[in-house]
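Working notes, beginning with the structure itself.
The values are calculated or read from the model by the stated rules, or taken from the named source; none is laboratory data. Note that the structure is a prediction, hence the values are computed from the model and not measured. FYI the Cβ positions are ideal-geometry reconstructions off the backbone, even for glycines, and counts take in every protein chain you see. All accessible areas refer to the heavy atoms of the entire protein, side chains included, with ligands and DNA or RNA removed. Shrake-Rupley method; radii C 1.70, N 1.55, O 1.52, S 1.80 Å.
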Amino acid sequence: MEAKKLKLITDELSKFSGMVQEEEVQALADAVKHAGKIFLAGAGRSGLAARGFTNRLLHMGFDVHFVGEISCPPIKEGDLMVLGSGSGTTQSLIVMGEKAKAVGAKIATVTMFPNHTIGQMADVSVTVPGSTPKKAEGEKNLAESIQPMGNLFEQMSWLVYDSVIMVLMDDLHQTSEEMMERHTNLE
């Protein structure tokens, strides 16, 4: 018997995936390619999606770090900070973005609201459809979801990050086998 709720979710993801602009995905891939170090940050489930992206960028051989880990080095000029924030107003991420900008790093964001604070400071923005209870009064979601809270945005973020990886694989002529050579062997 078909998992009906799962089918509803995958249909929704398929429906709204066409709202993500290929040019924005390519711009994020280009920013990654030209960065010194890459730093990622996100709060809550958006942060989990960003952690997944961090892991795949590591597998591609990039010098990549998730902010808040004890092994995270300082950000510097020429580096890239990728901030995942559905609302574009997550205070802790705004502070990180301001610090990154102050030292000359570039900012990229994956967000529903590129016109909000984080999007305004970003050099590269990927607009991802979703809905959130954190929107401003009178503001409309980019998509109305059948799922609770920010699920659609968080799932779409993960898929956008994976599509950036696939663009990078094509651009850099990397294979899954080459990436697997950089996968941890301590599991």
When the residues of the range 72-87 are filtered to those that are in contact with a strand residue (DSSP E or B) (Cβ under 7 Å, 6 or more places away or on another chain) and assigned to a loop (DSSP other than H, G, I, E, B), which remaining residue is modelled with the lowest pLDDT?
-> G86
For the range 146-175, enumerate the residues that are hydroxyl-bearing (S, T, Y), more than 13 Å from M112 (Cα to Cα) and within 20 Å of the chain's Cα centre (by Cα).
-> Y161, S163
Working only within the range 141-155, note down all residues that are part of a helix (DSSP H, G or I) and either in contact with a Ser or Thr (Cβ under 7 Å, 6 or more places away or on another chain) or acidic (D, E) (or both).
-> N151, L152, F153, E154
Of the residues that make up the range 153-172, is at least one open to solvent by less than 70 Å² (accessible area, probe 1.4 Å), in contact with an Asp or Glu (Cβ under 7 Å, 6 or more places away or on another chain) and not charged (D, E, K, R)?
-> no
Would you check if G150 is among the small types (G, A, S), open to solvent by less than 70 Å² (accessible area, probe 1.4 Å) and in contact (Cβ under 8 Å) with a residue 40 or more places away in the chain?
-> yes
Residues satisfying the stated conditions in the range 88-140, i.e. open to solvent by less than 30 Å² (accessible area, probe 1.4 Å), in a loop (DSSP other than H, G, I, E, B) and polar (S, T, N, Q) | S131, T132
How many residues are more than 16 Å from the chain's Cα centre (by Cα), open to solvent by 50 Å² or more (accessible area, probe 1.4 Å) and aliphatic (A, V, I, L, M) if we restrict to the range 56-87?
-> 1
Search result, residues across the range 31-50 that are surrounded by fewer than 16 Cβ atoms within 10 Å (Cβ to Cβ) and part of a helix (DSSP H, G or I) = K33, G44, L48
